[in-house]
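All remarks here apply to the structure that follows.
The values are calculated or read from the model by the stated rules, or taken from the named source; none is laboratory data. Here the structure is a predicted model, which is why all the values come from computation and not from measurement. FYI the Cβ positions are ideal-geometry reconstructions off the backbone, even for glycines, and counts take in every protein chain you see. Side chains included, ligands, DNA and RNA excluded: accessible areas come from the protein's heavy atoms. Shrake-Rupley method; radii C 1.70, N 1.55, O 1.52, S 1.80 Å.
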Amino acid sequence: GMEERFKNLPNEYSHLYLAIEGSLAAVICIEDPLREEAPAVVKALKKAGFSKVVMMTGDSERTARAVAARVGVDEYYSEVLPEDKASFVEKEKAKGRKVVMLGDGINDSPADAGIAVSEGAEIAREIADITIGADNLEGIVILKHISDALMKRIHNNYRTIVGFNTGLILLGVAGILQPTTSALLHNTSTLLIGMNSMKNLVGTEEI
C-alpha cells in the first residue's frame, strides 16, 4: 500500500531500499547536493566558448536526469563506469575536440586536461592536471578567460616581434639603419613588450 509514496520520492535523491525480514520497510534517500553556482557556471562556460558541456555519473538514470535538467548541460550519461568515461573521451577527441574533465581526477587521464577542486580528495588533487584553488566552480570560468587571454597575448607578441625584427633586418640590409641603432631598437622593443606582458591578463570587469 506504499507504492504511491515510493513513486513520488524526489528524483534527485539516490534511493536505498530497506527490508526487514523480507518485507520492504523504508527508503533511505541520499542526496549529493548540487552546488548553487553550477547552473550559472555551465552557462558561463558555454558563453566562454565551450561547445558542449556533458555530465557523466554513476548515479541512476532517474537521479541523473533530474540533476542534468537543473544544471543545464547539453548531454548527460548515467550509470557509467570509468571505462565508459574513457571511451566517451576518446570518441570526442576523434572528432577533433579538446576535452576537459572536472571531477574526482582519478578517471581524467584520457582527457586533454583534468581539473580538480582544492577542497576535493587529496588523491584527486595529486592526479589532476589543474587544481582550482577556489571553493566554488567559478574558478573554471576564470581559468578559461585567463587561458584565452594568455594565448591571445602570446600570438600578439609573436606577431609584433617577428614583424618589428623583420623590418629592422630589411632596413639594416638596405643600409638605412646602423647596426648599433638596430640593436638599440631591438632591445628597446623587447623591453617594452616584456613590460606590456606584465599587465593583468583578465580584468575584473571581464570576469
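Hey, can you tell me all the residues within segment 61-77 that are out of contact with any Phe, Trp or Tyr (no Cβ under 8 Å at 6 or more places or on another chain) and closer than 18 Å to Phe88 by Cα?
Matches in segment 61-77: Glu61, Val73, Asp74, Glu75, Tyr76.
Which of (1) more than 20 Å from Glu138 (Cα to Cα); (2) at pLDDT below 90; (3) assigned to a loop (DSSP other than H, G, I, E, B) is the odd one out, the single condition Gly96 does not satisfy?
For Gly96, the failing item is (2).
Restricting to segment 23-50, what's the tally of residues that are open to solvent by less than 50 Å² (accessible area, probe 1.4 Å) and either of a type in the set (Phe, Trp, Tyr) or not in a helix (DSSP H, G or I) (or both)? Working first, answer last.
Taking segment 23-50 as the starting set, the residues that turn out to be open to solvent by less than 50 Å² (accessible area, probe 1.4 Å) are 26-27, 37-39, 41-42, 44-45, 48.
Narrowing the set further to residues that are either of a type in the set (Phe, Trp, Tyr) or not in a helix (DSSP H, G or I) (or both) leaves 26-27, 37.
Number satisfying all stated conditions: 3.
Tell me which residues, restricted to segment 21-43, are among the small types (Gly, Ala, Ser) and under 16 Å from the mean Cα position of the chain (by Cα).
If the condition is that a residue be among the small types (Gly, Ala, Ser) and under 16 Å from the mean Cα position of the chain (by Cα), then Ala38, Ala40 are the ones that fit.
Among the numbered criteria (1) open to solvent by 30 Å² or more (accessible area, probe 1.4 Å); (2) not in a helix (DSSP H, G or I), which single criterion is violated by Pro110?
(1)
Taking segment 172-195, which residues are more than 21 Å from Ile154 (Cβ to Cβ), open to solvent by 70 Å² or more (accessible area, probe 1.4 Å) and assigned to a helix (DSSP H, G or I)?
Within segment 172-195, Val173, Pro179, Thr180, Leu184 qualify.
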